Amino acid sequence: MTPVSTPRPAKQLLHLVFGGELKTLTDVEFTDLDRLDVVGIYPSYAEAYKAWKAAAQRSVDDAQMRYFIVHIHRLLDPTPGARGAEP
């Protein structure tokens, strides 16, 4: 009898989505760190991108407001091979 292998779940790649008002449009320095908008932490880039896009669209009228996706999994495992092929 051949052993049945169960597929391994995809590796959890955590991403943080956050934003805030920038001091200038040419640099990434926030006007008030106490007012940063932490949207959330997501288990994949695709889910983080959806959250980022929604947050960015809510603030489209404010040119100084910017949202970012941080690849937390890269900070937790900074070895070159751990990054995978995602953006």
Once both label points are put 7 Å beyond Cα along the C-beta direction, the VAL28-GLN57 separation in nm becomes 2.4 nm
A correct Karplus calculation of ³J(HN,Hα) over region 51-58, with 6.51 cos²θ - 1.76 cosθ + 1.60, θ = phi - 60°, whole Hz and x for Gly and Pro, returns 5, 4, 4, 5, 5, 5, 5, 5
Going by C-beta contacts inside 10 Å, put TYR49, TYR67 in order with the fewest on the left.
TYR49, TYR67
I need ILE41, ILE69 ordered by Cβ neighbour count within 10 Å, fewest first.
ILE41, ILE69
Each residue of region 32-42 in order: what ³J(HN,Hα) in whole Hz does its phi give by Karplus 6.51 cos²θ - 1.76 cosθ + 1.60, θ = phi - 60°, with x for Gly and Pro?
8, 5, 5, 10, 4, 9, 8, 6, x, 10, 10
For SER44, residues with placed amide H under 5 Å, excluding near neighbours:
HIS15
I'd like the FRET efficiency for PHE68 and GLN12, computed as 1/(1 + (r/R0)^6) with the beta carbon distance as r and R0 of 35 Å, rounded to 0.05.
0.95
Could you pull out every residue, at least 5 positions away or on a different chain, whose amide H is within less than 5 Å of the one on VAL39? Hs are placed 1.01 Å off N in the peptide plane, and Pro or chain starts have none.
VAL17, PHE18, GLY19
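All of the numbers you see were taken from the coordinates with simple rules; none came from a lab. Only a predicted model underlies this, so the values are computations on that prediction, with no experimental measurement involved. Here Cβ is always computed from backbone atoms with ideal geometry, including for glycine, and neighbour counts include all displayed protein chains.
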